[in-house]
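Trainee: Below is one structure. I have some questions about it.
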Amino acid sequence: VLKAISNKSASGLIKKIRVDLEKTPFLQWRWKVVKRISVQNEKVKEQDDYVARVYVIVDGGFFAWNTMALNYVWANGVAKGTRWDNAFAPKHSKMIALRSKGDMIQHWYSEKRDVREDFKRSFGERVRYIDVIAIMSDTDNTSSSAESYYDNIVFTKD
């Protein structure tokens, strides 16, 4: 289990890993939030903070404009199930709220996402390979603090 604490800051843990989504398209993990942040609208830059998020990234290499990132987030102001463009990088980073203020804190939730389908729906194109996975807890825009936990992040075939 990895504990993440954010205090008026943003930090993450990045793992470069080549994942073939034709072989292992599903991303699974568990996460728990201990302390929320009181954000009302994560769609604007001033409130683009998340107590927990899992990034899946296709590296654009030299051509940064080819980079694509999905962000599975634990939101607060945006309703669970909502998809939107990231406030800072709308063309390259898409957000998906898997949890929100209606979900209990201090409780483990298990997630399972078909990353291939999420890329297709979010960017309109099929992606075969993932180059990076990352986790992040960030509270820099709202000057708040948060605490969350991540566990057992794996790609699977079904």
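Trainee: Suppose only helical runs count, i.e. DSSP H with n ≥ 4. What mean residue ellipticity at 222 nm does that imply for the chain under -39500 (n - 2.57) per run, divided by all residues and rounded to the nearest 500 deg cm²/dmol? Mind showing how you got there, number by number?
Mentor: Values: 1 runs with 9 residues, N = 158.
Dividing the helical sum by the residues of the chain leaves -1500 deg cm²/dmol.
Trainee: Over the chain, give the accessible area per residue in Å² for a 1.4 Å probe, as an integer.
Mentor: 51 Å²
Trainee: Do any chymotrypsin sites (Phe, Trp or Tyr not before Pro) in the range 1-62 lie in a loop, going by DSSP, with at most 14 other beta-carbon atoms within 10 Å of their beta carbon, and if so which?
Mentor: On the way: sites: Phe26, Trp29, Trp31, Tyr50, Tyr55, Phe62; in loops: Phe62.
Passing sites in the range 1-62 are Phe62.
Trainee: Leaving ligands, DNA and RNA out of it, report the carbon-plus-sulfur percent of the accessible area of the range 87-158 at a 1.4 Å probe.
Mentor: 46 percent
Trainee: Separate question: Send over the per residue convex hull volume for the range 119-158, Cα only, as a whole number of Å³. Walk me through the numbers before you get to the answer.
Mentor: On the way: hull volume 5.3 nm³, N = 40.
Spread over its residues, the Cα hull of the range 119-158 gives 133 Å³ apiece.
Trainee: Which lysines does Lys23 reach when only Cα atoms under 20 Å apart count, and residues fewer than 8 places away in its own chain are ignored?
Mentor: List returned: Lys15, Lys112, Lys120, Lys157.
Trainee: Over the range 39-84, what percent of the accessible surface lies on carbon and sulfur atoms, probe 1.4 Å?
Mentor: Carbon plus sulfur share of accessible area: 58 percent.
Trainee: Where does the range 1-63 land on the Kirkwood hydrodynamic radius, alpha-carbon pairs, in angstrom?
Mentor: 14.8 Å
Trainee: For the chain, what is the charge dipole size about the Cα centre, in debye to the nearest 20, if Lys and Arg each add +1 at the Cβ and Asp and Glu each add -1 at the Cβ?
Mentor: The calculation lands at about 240 debye.
Trainee: Which distance in Å, rounded to a whole number, links the C-alpha centroids of the range 43-83 and the range 1-22?
Mentor: 12 Å
Trainee: Given contacts defined as C-alpha pairs under 8 Å and at least six residues apart, what's the relative contact order of the chain, whole-number percent?
Mentor: This gives 47 percent for the chain.
Trainee: I want to verify a result. In a Gaussian network model of the chain, Cα cutoff 10 Å, which of these has the top mean-square fluctuation: Met68, Met95, Met104?
Mentor: In the Gaussian network model the winner is Met104.
The values are calculated or read from the model by the stated rules, or taken from the named source; none is laboratory data. The model shown is predicted, which means the values in this text are computed figures rather than measured ones. Here Cβ is always computed from backbone atoms with ideal geometry, including for glycine, and neighbour counts include all displayed protein chains. SASA here: full protein model, heavy atoms, side chains in, ligands and nucleic acids out. Shrake-Rupley method; radii C 1.70, N 1.55, O 1.52, S 1.80 Å.
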